[in-house]
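These notes concern the structure reproduced below.
A short reminder: the numbers here are calculations on the coordinates, not readings from a lab. If you're wondering where the values come from, they're calculated on a predicted model, not measured in any experiment. Every residue, glycine among them, receives a Cβ derived from its backbone with ideal geometry; neighbour counts consider all protein chains shown.
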Amino acid sequence: MLVVKKFVFNPFSVNTYLIWDESSKECLIIDPGCSSANEEQQLKSYITDNHLRVLYMLNTHCHIDHIMGCNFINDQYEPEYYIPEKDIDLLSHAQTQASAFGLEIKRPPLPDILISENTQLKIGNSPVTFLFTPGHTAGEYCFYFKKQAICVTGDVLFRSSIGRTDLWGGDYDTLINSIRTQLFTLPDNVLIYPGHGDSSKIGLEKTDNPFLHETNKNYN
């Protein structure tokens, strides 16, 4: 069985997820956003208290708020690091992104794996399916755990909202198409864990999301 633990970190209130297997204690960290010693300690204490083995670090995309804790995780646990292949330029310009918000950031680590739709990964006995969902950035991926009916949707689909498209790599029509073709084809009972805010379900977003009313009728 997989356990999903959410932390809310940094000035942007990003959701950082630890997903771990109860049997093996294998753990992956998605979008580490810890940006202070206190936030780093929260994450470290949870990992230590649950005896987790941090094997993987994944970014749904590489906007600044989602990568602020990558150096800490890399230094502490040396996980295999995965980012979307088309977001490599965003990662390379992390310091430029930070300066646009009046922030400073240490250059993030280089990725080990560039995510494509053919990327394969398991946590315990649970495979991860990588869904290519550009629109918020040029390369963003959502992470679907079919056996558990959960999907980490990054900044593509939120509860009653969608990702903004006015930042680096954003395009509104592309984002809507990603939601239609990749996320709204998942079963209605799939629980979504977005990059900000509360969780929801695919079925609820089809019927209730005000940004998608024109598309919802195609998926009922």
statement: Cα-Cα longer than 23 Å, checked against Lys6/Lys201; Lys147/Lys201; Lys6/Lys86; Lys25/Lys201; Lys122/Lys147; Lys25/Lys86, kept in input order, equals Lys6/Lys86; Lys25/Lys201; Lys25/Lys86
- request: As a check on your grasp of the helix formula, calculate [θ] at 222 nm for the chain: sum -39500 (n - 2.57) over DSSP H runs of n ≥ 4, divide by the residue count, round to the nearest 500.
  value: -6000 deg cm²/dmol
task: Give me the Kirkwood hydrodynamic radius of the chain, using the inverse of the mean 1/r over all pairs of distinct Cα atoms, in Å to one decimal.
output: 17.3
Arg180/Ser36 FRET efficiency (R0 45 Å; Cβ-Cβ; nearest 0.05): 0.75
task: Just report the Cα centroid separation between segment 91-137 and segment 57-76, whole Å.
output: 7
field: Reachable lysines, given that their alpha-carbon falls under 21 Å from the alpha-carbon of Lys106 and they are not under 8 places away in the same chain
entry: Lys44
Theoretical gain in end-to-end length, Asn125 to Lys146 [0.36 nm per residue, Cα-Cα removed]: 6.4 nm
query: When DSSP beta bridges are limited to those with both residues in segment 2-219, what percentage is antiparallel, rounded to the nearest 5?
result: 65
message: Using a Cα-Cα cut-off of under 19 Å, which aspartates and glutamates could be cross-linked to Lys146, ignoring same-chain neighbours fewer than 8 residues away?
response: Asp21, Glu22, Glu26, Glu117, Asp188, Glu205
Long-range amide H partners of Phe158 with built H, under 5 Å: Gly163
Net length gained if the chain between Thr48 and Gln76 were fully extended (0.36 nm per residue, minus Cα distance): 8.9 nm
